[in-house]
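Take a look at the structure set out below.
The values are calculated or read from the model by the stated rules, or taken from the named source; none is laboratory data. Just so it is clear, the model here is predicted, and its values are computed rather than measured. Cβ sites come from the backbone with ideal geometry, for glycine too, and all protein chains shown count toward neighbours. Accessible surface is based on the protein model in full, side chains and every heavy atom, while ligands, DNA and RNA are left aside. Shrake-Rupley method; radii C 1.70, N 1.55, O 1.52, S 1.80 Å.
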Amino acid sequence: MSWAGKLLRVNLTAGTCTSEPLRMDWAKLYLGQRGLATKYFVEEVDAKVDPLSPDNKIIWATGPLTGTMASTGGRYSVITKGPLTGAIACSNSGGYWGAELKMAGWDMVIIEGKSAKPVYLSISDEKAELKDAAHLWGQSVWKTEEIIKTSHQDPQVRVSSIGKAGENLVLYAAVVNDLHRAAGRSGVGAVAGSKNLKAIAVRGTRGVGNIKDPKAFMKVTAEKKKILHDHPVTGQGLPAYGTQVLMSVINETGSLPTRNHRDSQFEDAAKIGAEAMAAKRPTDGKSQLVTNQACFGCTIACGRISKIDETHFSVVNKPEYWGASGGLEYEAAWALGAAPGVGDLEALQYANLLCNEEGFDPISFGATVGAVFELYEMGVLTKEQIGIESPFGSAQALVKLAEMTARGEGFGKEIGQGSKRLTAKYGHPELSMSVKGQEFPAYDARGIQGMGLTYATSNRGACHLRSYTVASEILGIPVKTDPLTTEGKPELVKAFQDATAAFDSAGICVFTTFAWTTADLAPQVAAACGDEFTLENLTEIGERVWNMERDFNNRAGFTRKDDDLPPRLKNEAAKTGPAKGLVSGIDKMIPEYYKIRGWDENGQLKAETRSRLGL
């Protein structure tokens, strides 16, 4: 049946590690990972809890296909109440850690309470214990992984940890595994830091051997891998160029948010995209891009391995960055580049490595820096306050602010609180390009109308991974829709949201949905878990998960007014490109979206919706 069938409950206050049988009745209704862990969370945690209090819990969770031979089956999620937003947080990561936890025999780890001193959790198959982490506190993610692997005398130990950002309670601190893969958004790393939990180290040797129908599973996964291989996005574009293939595409459509969303096209997009990464540098004749890289079980291999220019101003004194390491993804390149107007690829790579090394979200960081640069140009902030001259386009300022944020020093402490709190402090809350306190990713809601609705209604704050309508509106997957119109977008967004929730809960990477639909996921889950997991069943599971998350947020205090976009996107038209003259039509889309969701005009679940979904 593919689940390991048990979870590990760790009480940091008491210092105990206890095994519990998995609630299989819940697994049938919520599947795993995002869905099942969120079910545990909302049943056990008061929606009004302070995210950084000991009463909040944080869960590392796998899906039923995690650790199997299903393509991209290496995913895991970290679920908690996010300190950046105060909403439900579920951050998804790849790499190898999730599969290792599953192979150790655990579906999830529930962390509760707070340790009196820094600790890390060590898991070796069925054995779990808390260990002193005093020697790890203050260390980077990279150094923490190195020390743990050395002390365990096993290079195959997988480590999921926080860096200085999590320890310093940067509100968008990440949980990082395998050096460069991250549960990156909403501040899950700060919750771990608030509990004095530095890391979870896991070694699993048991494998995943409880597939319901192994022969059928092998057959169907092979068929679905061929679909990924033959598709132009998952078989060609992503392996060759990674997610950075989008930079020029999105810029040409007039949907690349630039200079804190003042503009929707970036004149230096070509300098920071996939082609620039692959081009030879004039300084040394080498490309920044070295090769691509895959996560566990992945046949797409969209990850980047890059080598930074050692002579660049930002890295000349950082020899630890001179080797080949994790390269820029599209969202990070946008946030560190177009959002603050910086066209220096090497500076972007350096700042990105800082985010990886010290564990903080480059999207929220870069978007917050964009707001800081605008406040500086307005004269609201000064060089003396920030610590460096900070006009749009300054690579030096970007680098210095990344270092300050990583160390929790000077103005970096304020940047570490996110753009919502920072802009409000200085009297201009309208300059925070965020929803529910979480900063926008790399798509302008004026040029891609469906993404505006996606951002406004996302349960974890502005997010592209909850409903990637870019696939339809820009790439024509699975069908082409007009990005400049609001017509049909509520139905499109709901369909993407429900499907993504199902894929996340199964333990599969959302990038497979460029080539697969839920109809491709269903037979894989059925062969692994049981025949009851049909297309209709998985679609309903996705809808159930979405509504469960929404209900938690409503109980936490979120209302209709939180499903909105900043005034700039509603009042200031795009200046250039295909969307020139357009603003977001969010106010028109929200009522229709609520109606098809089965919510009332205030965004609350109707009784019949609760009944139909069993909530």
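Within region 207-240, track down each residue that is under 16 Å from Cys302 (Cβ atoms) and not hydrophobic (A, V, I, L, M, F, W, C).
Matches in region 207-240: Lys225, His229, His231, Pro232, Thr234, Gly235, Gln236, Gly237, Pro239.
Criterion first (modelled with pLDDT of 90 or more and on the phi > 0 side of the Ramachandran plot) does Gly327 satisfy it?
So Gly327 does not fit the description; no.
Looking at Lys570, is it open to solvent by less than 60 Å² (accessible area, probe 1.4 Å), assigned to a helix (DSSP H, G or I) and at negative phi?
Answer is yes for this residue.
Checking Glu532 against (1) surrounded by fewer than 14 Cβ atoms within 10 Å (Cβ to Cβ); (2) assigned to a helix (DSSP H, G or I): exactly one of these is not met. Which one?
(2)
Say whether the condition of being out of contact with any Lys or Arg (no Cβ under 6 Å at 6 or more places or on another chain) and open to solvent by 10 Å² or more (accessible area, probe 1.4 Å) is met by at least one residue in region 434-454.
Yes; the residues of region 434-454 include at least one that is out of contact with any Lys or Arg (no Cβ under 6 Å at 6 or more places or on another chain) and open to solvent by 10 Å² or more (accessible area, probe 1.4 Å).
Picking from Ala471, Ala456, Ala397, Ala406, which residue would you name as being assigned to a helix (DSSP H, G or I), in contact with a helix residue (DSSP H, G or I) (Cβ under 9 Å, 6 or more places away or on another chain) and modelled with pLDDT under 95?
Working: Ala471 fails: modelled with pLDDT under 95; Ala456 fails: modelled with pLDDT under 95; Ala397 fails: modelled with pLDDT under 95.
Just a single option satisfies the conditions, and that option is Ala406.
Name every residue in region 488-529 that is in contact with a helix residue (DSSP H, G or I) (Cβ under 8 Å, 6 or more places away or on another chain) and either modelled with pLDDT under 95 or on the phi > 0 side of the Ramachandran plot (or both), in order of residue number.
The one that is in contact with a helix residue (DSSP H, G or I) (Cβ under 8 Å, 6 or more places away or on another chain) and either modelled with pLDDT under 95 or on the phi > 0 side of the Ramachandran plot (or both): Gly507.
Being among the hydroxyl-bearing types (Ser, Thr, Tyr), out of contact with any Leu (no Cβ under 6 Å at 6 or more places or on another chain) and over 22 Å from Asp263 (Cα atoms) narrows it down to one residue among Ser458, Ser419, Ser434; which is it?
Ser458
Return only the number of the condition from (1) surrounded by 24 or more Cβ atoms within 10 Å (Cβ to Cβ); (2) in a loop (DSSP other than H, G, I, E, B); (3) more than 18 Å from the chain's Cα centre (by Cα) that Ala462 does not satisfy.
Just one mismatch for Ala462, condition (3).
Within region 12-109, considering only helices (runs of 4 or more DSSP H) that don't extend past its boundaries, which have at least 1 residues that are more than 22 Å from Ile300 (Cα to Cα), of a type outside the set (Val, Ile, Thr) and free of Cβ contacts under 8 Å to residues at least 12 places away in the same chain?
On the way: elements: 24-30, 33-44, 97-103.
The helices (runs of 4 or more DSSP H) meeting that bar are 24-30, 33-44.
For residues that are of a type in the set (S, T, N, Q) and more than 15 Å from Arg259 (Cα to Cα), scanning just region 352-389, find the one that is most open to solvent (accessible area, probe 1.4 Å).
Here is the first cut: in region 352-389, the ones of a type in the set (S, T, N, Q) are 352, 356, 364, 368, 382, 385.
So of that shortlist, the ones also more than 15 Å from Arg259 (Cα to Cα) come out as 352, 356, 382, 385.
Details: Asn352: 8, Asn356: 23, Thr382: 51, Gln385: 81 Å².
Ranking the qualifying residues of region 352-389, first place goes to Gln385.
Looking at Val510, is it surrounded by fewer than 24 Cβ atoms within 10 Å (Cβ to Cβ) and in contact with a Leu (Cβ under 8 Å, 6 or more places away or on another chain)? Steps first, answer last, please.
Details: surrounded by fewer than 24 Cβ atoms within 10 Å (Cβ to Cβ): yes; in contact with a Leu (Cβ under 8 Å, 6 or more places away or on another chain): yes.
Yes: the conditions hold for Val510.
Please state which one of Ala556, Ala579 is open to solvent by less than 50 Å² (accessible area, probe 1.4 Å), closer than 30 Å to Ala371 by Cβ, of a type in the set (A, V, I, L, M) and out of contact with any Leu (no Cβ under 8 Å at 6 or more places or on another chain).
Step by step, each of Ala556, Ala579 is checked, and only Ala556 is open to solvent by less than 50 Å² (accessible area, probe 1.4 Å), closer than 30 Å to Ala371 by Cβ, of a type in the set (A, V, I, L, M) and out of contact with any Leu (no Cβ under 8 Å at 6 or more places or on another chain).
Which of the residues spanning region 2-39 are open to solvent by 10 Å² or more (accessible area, probe 1.4 Å) and on the phi > 0 side of the Ramachandran plot?
Gly5, Gly15
Can you pull out the residues in region 333-351 that are in a helix (DSSP H, G or I) and open to solvent by less than 10 Å² (accessible area, probe 1.4 Å)?
Ala333, Trp334, Ala335, Leu336, Ala347, Leu348, Gln349, Tyr350, Ala351
Among the residues of region 398-411, write down those that are among the small types (Gly, Ala, Ser) and surrounded by 20 or more Cβ atoms within 10 Å (Cβ to Cβ). Steps first, please.
Looking only at region 398-411, we keep the residues that are among the small types (Gly, Ala, Ser), and these are 402, 406, 408, 410.
Within region 398-411, Ala402, Ala406 meet the criteria.
Applying the selection to region 1-23, what residues are at pLDDT 95 or above, under 28 Å from the mean Cα position of the chain (by Cα) and closer than 30 Å to Gln524 by Cβ?
The answer is Trp3, Ala4, Gly5, Lys6, Leu7, Leu8, Arg9, Leu22, Arg23.
With the structure loaded, tell me whether Thr299 is among the β-branched types (Val, Ile, Thr), under 30 Å from Leu484 (Cβ atoms) and touching a residue at least 40 places away in the same chain (Cβ under 8 Å) or whether it fails that test.
Details: among the β-branched types (Val, Ile, Thr): yes; under 30 Å from Leu484 (Cβ atoms): no; touching a residue at least 40 places away in the same chain (Cβ under 8 Å): yes.
Spelling it out, it is not the case that Thr299 is among the β-branched types (Val, Ile, Thr), under 30 Å from Leu484 (Cβ atoms) and touching a residue at least 40 places away in the same chain (Cβ under 8 Å).
Among the residues of region 256-266, are any of a type in the set (Ser, Thr, Tyr), touching a strand residue (DSSP E or B) at 6+ places or on another chain (Cβ under 8 Å) and in contact (Cβ under 8 Å) with a residue 40 or more places away in the chain? So that I can check it myself, show each step before the final result.
In the first step, residues of region 256-266 are kept if they are of a type in the set (Ser, Thr, Tyr); the result is 258, 264.
Filter again for touching a strand residue (DSSP E or B) at 6+ places or on another chain (Cβ under 8 Å), leaving 264.
Those still in the list that are in contact (Cβ under 8 Å) with a residue 40 or more places away in the chain too: 264.
Within region 256-266, one or more residues are of a type in the set (Ser, Thr, Tyr), touching a strand residue (DSSP E or B) at 6+ places or on another chain (Cβ under 8 Å) and in contact (Cβ under 8 Å) with a residue 40 or more places away in the chain.
Which of the residues that make up region 318-346 are farther than 20 Å from Thr291 by Cα and in contact (Cβ under 8 Å) with a residue 24 or more places away in the chain?
Residues satisfying the conditions are Lys318, Trp334, Ala335, Leu336, Gly337, Ala338, Ala339, Pro340, Gly341, Val342, Gly343, Asp344.
Taking the conditions exactly as written (within 22 Å of Gly557 (Cα to Cα) and touching a Cys at 6+ places or on another chain (Cβ under 7 Å)), does Thr38 satisfy them or not? Spell out the reasoning first.
Numbers: within 22 Å of Gly557 (Cα to Cα): yes; touching a Cys at 6+ places or on another chain (Cβ under 7 Å): yes.
So Thr38 passes the test.
Answer yes or no as to whether Ser140 is in contact with a Gly (Cβ under 6 Å, 6 or more places away or on another chain) and farther than 28 Å from Glu43 by Cα.
yes
Taking region 412-431, which residues are open to solvent by less than 10 Å² (accessible area, probe 1.4 Å), of a type outside the set (S, T, N, Q) and within 19 Å of Gly184 (Cα to Cα)?
Result: Gly412, Ile415, Gly416, Gly418.
Inside region 84-95, can you point out the residues that are open to solvent by 10 Å² or more (accessible area, probe 1.4 Å) and either farther than 27 Å from Ala294 by Cβ or β-branched (Val, Ile, Thr) (or both)?
Thr85, Gly86
Of the residues in region 352-390, how many are of a type in the set (A, V, I, L, M, F, W, C) and outside any helix (DSSP H, G or I)? First the steps, then the outcome.
Pass one, region 352-390, residues of a type in the set (A, V, I, L, M, F, W, C): 353-355, 360, 363, 365, 367, 369, 371-373, 375, 378, 380-381, 386, 388.
With the extra rule that they be outside any helix (DSSP H, G or I), the set shrinks to 360, 380-381, 388.
Selection size over region 352-390: 4.
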